[in-house]
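Working notes, beginning with the structure itself.
Values quoted throughout were computed directly from the atomic coordinates according to the rules given, and no laboratory measurement underlies them. Keep in mind it's a predicted model, so treat the numbers as computed, not measured. Counting neighbours? That spans all protein chains shown, and the Cβs are built from the backbone with ideal geometry, glycine included.
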Amino acid sequence: MTISPSPAADVDVLVVGAGQAGLALGWHLRRQGRSFLLVDAGPEVGHVWRSRWDSLRLFTPAEYDALPGLPFPAAPGSYPSKDDVADYLRDYARTFDLPVRLDTRVTRLTRCGELYVAETSGVLVTARQVVVATGPFQTPYTPDVAAGLADDVVQLHSSAYRNPEQVPDGAVLIVGAANSGLQIARELARTRPVVLAAGSRPPMLPQRLLGRDLFWWLTRTGALTKTTDSVVARRMRRKGDLVIGTRPRDLTRCGVAQRPRLVGADGRTVRFADGTSAEVRTVIWATGFRPDYGWLDVPGVVDADGVVRHTRGLTAAPGLAFLGLPWQHTRGSALLGFVQHDAAWLADQLAHQLASRPAIEHAGTTA
């Protein structure tokens, strides 16, 4: 598609993604009186949370889960379900009348003169500034070893797992020992044999320490606000993401057999790095996600490995920023209830940038 430069912009700020990061930014943009639009590929606000497994609950108590301006509607010390979070995000957008266009996937973003042009599945949107708030869960990753499994072995990525009823009877292999893999392993072990394979073990912490929730300690000690350039933050990143509330002995008590890294698969037989093997009926890949910025056609923003080049969310492309990236500025940058701090800072930076640029006429809101 060829687009001619135009002096008119639909909005000052286009926010790609209406999850927790996009909504938090929207609250600040509304307070600033900015012209803005949030677009999201999902059918409803909160869709990503609502699509996760049925028994999922947050590790963070409700008092730490709010976005700016609206407390989370649950008792302090309680742990909201994934549907509680989805409901909260939906109600948040309604409460503050945030302009959200759903079922709208951005298929290409380019820069044309002083404006950004977003080609979407529904409309063409032009904006003076764009914030990418699509979150860390983009493209499910499955390792190449999966190709060696027989056709009759059921394979699910953890993002597609909902409950034990969708898993056939028989032995289950879960690959990956982060929070999602451990929670799913414990749930499935109640009704069938489960093997958990992990190449490395991330640091594990209990949900409560000395009578206090873990997040009470993390906030009081400042662990969640250590910036990425600090010594503490560098050590935390090297060790991997925290596993909260599940310990190896808890899995053993549940009957979960623990193995090292999965190294091969042949039919229904899987092999591990210690030379052992197992026969499986189902494999659940709790192997994380990879970024997908193929739609972002702005040079110098994403490197060859798909990593965003930014400084606290700001890129070298004028007016193009990111929000909600893991470790964007601190450990809390991608967490519900903590992303609001990055959102406040970024909103101020965008306003400052916009004030220093020549005025451009608005074509009218697309919301």
- Note on the structure: Of Arg253, Arg90, Arg30, the most mobile residue in a GNM of the chain (C-alpha springs, cutoff 10 Å) is Arg253
- In degrees from 0 to 90, rounded to the nearest 10, what is the angle of the helix 179-188 Cα long axis to the longest principal axis of the chain? 40 degrees
- Using alpha-carbon coordinates, inclination of helix 82-95 to the longest axis of the chain, degrees: 10 degrees
- Among Trp49, Trp295, which comes first, then next, by fewest other beta-carbon atoms within 10 Å? Trp295, Trp49
- Query: Hey, got a sec? Which trypsin sites (Lys or Arg not before Pro) in segment 117-193 land in a DSSP loop and have at most 15 other Cβ atoms within 10 Å?
  - Reply: Arg162, Arg190
- Note on the structure: From fewest to most C-beta neighbours within 10 Å, the residues Glu187, Glu44 line up as Glu44, Glu187
- Query: Using the Karplus equation 6.51 cos²θ - 1.76 cosθ + 1.60 (θ = phi - 60°), what ³J(HN,Hα) coupling, rounded to whole Hz, does each residue of segment 13-25 give in order, writing x for Gly and Pro?
  - Reply: 10, 9, 10, 8, x, 10, x, 4, 5, x, 5, 4, 5
- Query: Any idea how far the Cα center of segment 166-191 sits from the one of segment 123-156, in Å?
  - Reply: 21 Å
- Item | Given [x] 19.7; [y] 22.8; [z] 20.8, the label whose value is mean projected area of the Cα convex hull in nm² derived from this model | [x]
